[in-house]
């Protein structure tokens with residue numbers, strides 16, 4: 001209702017404006033015809049003629065649909081509509097005055113003058129408004145031409161106007177825009193370059209049916225803006241039922257510059273299914289955290305680590321140390337950073353976080369002020385099959401890095417954690433929870449200890465989030481490989497849900513959390529920053545959507561196979577533990593979990609014992625100790641003593 005009122009209010013303002021212009025054009029035409037003595041000749045008949053002319057214009061302007069166009073996108077189509085409306089108004093007025101007064105009350109030549117003035121007064125404000133918005137005249141003289149494939153646009157904003165304009169400018173363009181769907185509903189009944197805005201998204205099915213009945217059968221839906229997850233699912237359902245494909249145009253910020261630029265459609269990205277709004281970021285604080293500092297990143301060649309390297313490099317640290325135990329991945333990210341236009345000092349270091357002596361030597365030689373610890377074994381089935389390796393990397397490796405940070409007077413260490421650390425059902429989750437506990441205990445110990453003689457106190461920030469779309473070994477690349485092979489797509493359980501976010505968004509929020517944590521170390525000591533992951537996504541729905549976005553039909557063209565949960569998997573992931581009360585932060589994309597902490601010295605002795613058991617290969621005893629240290633951990637049967645584990649080959 002509010003949207004309808006808003007639309008009617010804007011149309012009413014435009015209508016009143018045009019009636020004022022109509023009356024003004026009548027008076028100006030008479031002034032030009034009669035000269036300086038116009039108002040001496042302005043008789044009662046001329047006054048009635050003025051009122052009649054305005055009344056005729058009011059009716060004609062409404063009848064010809066002059067208010068379907070949007071001033072923001074005024075173009076040649078709208079100017080032609082004004083010419084038609086002005087011509088019809090003059091002709092109707094001429095006919096009425098001829099029948100009533102035989103044109104005795106109005107100079108006949110003034111009507112010709114009036115036509116030119118009326119067109120100018122109606123068209124000029126629209127043109128000037130468009131020129132003001134676009135800062136130029138480039139897009140005014142564009143008309144729609146015929147294209148081959150009929151399409152419907154979803155979204156009635158600037159991107160839709162760009163698409164329609166590009167189709168009009170390029171006579172070889174492959175698409176003909178039949179209609180526009182307005183998500184907000186504020187512009188229904190209006191036009192963009194002559195293309196009608198027919199209705200809201202909830203009437204998409206009826207609109208497509210009506211267009212087909214009129215002989216204008218749309219073949220494709222094109223997204224011109226990022227929809228919510230619910231709206232995208234509705235579009236996919238309708239497109240699937242109608243046998244239509246769906247694509248999106250590049251976002252306006254992605255378009256290349258240049259006169260010969262051609263707009264190319266893209267497939268709907270899987271991250272669009274998240275329907276997440278862009279988090280507001282304090283980039284000034286992020287830059288203040290990194291700029292001019294020496295930064296070290298472990299796991300720099302992995303999905304999260306590599307994106308951390310890219311974004312940290314953008315904030316121009318004085319030196320960037322890239323640490324990874326994979327030669328190839330380290331080579332790749334090193335080459336990428338070395339080829340960037342904006343150069344940054346960097347050093348690629350082959351090292352394993354499990355090697356305590358090597359890590360201490362690296363931190364001494366590199367002297368970082370800020371350390372991001374992204375190195376981890378993260379694949380649940382792999383760690384479930386190799387639990388001692390998980391302990392070595394995810395627990396002992398974290399302790400090695402954290403202790404080296406204290407010894408080297410690092411200002412802050414940021415630990416990247418996971419939602420699988422909450423009530424873990426897997427060894428991977430349990431080891432990450434132990435890593436969290438150790439960094440939390442160190443952070444509180446550092447807060448409560450006296451500042452060292454050099455004035456340095458190491459701050460430990462822990463950031464926890466869920467699954468990252470497209471990261472190595474995650475479900476999306478698996479589905480993509482299975483689609484390329486013709487299926488089936490394998491889902492472990494129909495009720496499996498997961499939290500997802502893009503790798504770029506995850507790292508942005510990691511940097512934001514780091515900036516907040518480092519800025520107020522005493523207040524946030526031992527607390528865990530948790531990224532707002534939005535709503536969980538049903539993996540079965542994700543599989544169906546990916547099949548549809550690939551142009552196939554679920555269960556008809558591509559099979560979905562339920563394989564059963566793998567060892568260590570949970571149906572539903574959690575972000576917070578029940579004993580972790582939520583605390584607000586200054587950013588809506590971040591939350592704080594109050595710590596469940598243990599004594600740092602006691603935990604340190606337990607980790608010494610765990611390291612010894614791991615070194616001796618005593619898997620059963622090591623798992624039992626992990627279970628005592630993480631009471632909520634419930635290991636799978638595959639980790640029972642004497643069980644011969646092997647890596648599961650099921651879906652991620």
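One table, with the values for the structure above:
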| quantity | calculated |
| --- | --- |
| Evaluation of residue 236 against (1) at pLDDT 75 or above; (2) in contact with a strand residue (DSSP E or B) (Cβ under 6 Å, 6 or more places away or on another chain); (3) buried (at least 18 other Cβ atoms within 10 Å of the Cβ) (one fails), failing number | (2) |
| Boolean, residue 283 is under 20 Å from the mean Cα position of the chain (by Cα), at pLDDT 75 or above and either assigned by TED's automatic domain parsing to the domain that holds residue 468 or farther than 30 Å from residue 480 by Cα (or both) | yes |
| Among the residues listed as 549, 516, 542, the single one being surrounded by 18 or more Cβ atoms within 10 Å (Cβ to Cβ), more than 30 Å from residue 372 (Cα to Cα), modelled with pLDDT of 75 or more and in contact with a helix residue (DSSP H, G or I) (Cβ under 9 Å, 6 or more places away or on another chain) | 542 |
| Close pairs from the range 214-232: first part of a loop (DSSP other than H, G, I, E, B), partner modelled with pLDDT under 75 and surrounded by 20 or more Cβ atoms within 10 Å (Cβ to Cβ), Cβ under 6 Å, at least 6 apart | 224/249 |
| Residue match in the range 482-503 (condition: at pLDDT 80 or above, under 30 Å from residue 282 (Cβ atoms) and either surrounded by fewer than 18 Cβ atoms within 10 Å (Cβ to Cβ) or in contact with a helix residue (DSSP H, G or I) (Cβ under 9 Å, 6 or more places away or on another chain) (or both)) | yes |
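The values are calculated or read from the model by the stated rules, or taken from the named source; none is laboratory data. As the structure is a computational prediction, the values presented were derived from the model and not from experiment. Reconstructed Cβ throughout: ideal geometry from the backbone, glycine too, with neighbour counts over all protein chains shown.
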